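Worksheet for the structure shown next.
What follows draws every value from the coordinates through simple rules; no lab data is involved. For clarity, every value in this text was computed on a predicted model and none was experimentally measured. Quick reminder, even Gly has a Cβ in these numbers, built from the backbone with ideal geometry, and neighbours come from all protein chains shown.
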Amino acid sequence: MVAAYNCEKDRATIEHTFRLLFKFAEALDEEETRAVREGLDEETLAIFDLLKKPELSPAEIKKIKAIAVELLRTLKAEKLRVHLWKDKEATRDTVKGWIRDFLYSDDTGLPVEAYSEAEVRAKADDVYRHVFRAYPTVPSPYYIHNEEGLRS
């Protein structure tokens, strides 16, 4: 009788665990679907989410996407290639300053009609904090992809 009880208890636990896993998988699928809908990969979507704000026009959203793509591309290709960049204060300061300059620039930056100077500063700090956490190395260990380009 005890064995039957324990078996049923384990079954209930296993079923509950699988329900939680399915919900988690559905949530991942929703985020992947959103990335596809936005026309961005997972890494760039994270930057885009940090840069966007409510009440942007479709043209401004398009510009923010392009900014996110170029910002991340340049960071990964150039700025984060310094060995142990997070360990060196001068390198950290260079990366942080470059992100701020990029977002302030007339050529590459956030639209001045939509973002105040304080918002640009806050967005630059948000992006830097994300980059600091997610990119100890390039490629990021948090965005590991297999041969098909899907997250592992």
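At an R0 of 30 angstrom, the distance between the Cβ atoms of K62 and V138 translates into a FRET efficiency of 0.65. Between amide H atoms placed 1.01 Å from N, distances below 5 Å from V138 occur with no residue 5 or more places distant or on a separate chain.
Each residue of segment 52-65 is assigned a 3J(HN,Hα), and the resulting list reads 6, 8, x, 6, 8, 6, x, 5, 5, 4, 4, 5, 4, 4 Hz, derived from the Karplus form 6.51 cos²θ - 1.76 cosθ + 1.60 (θ = phi - 60°), x at Gly and Pro.
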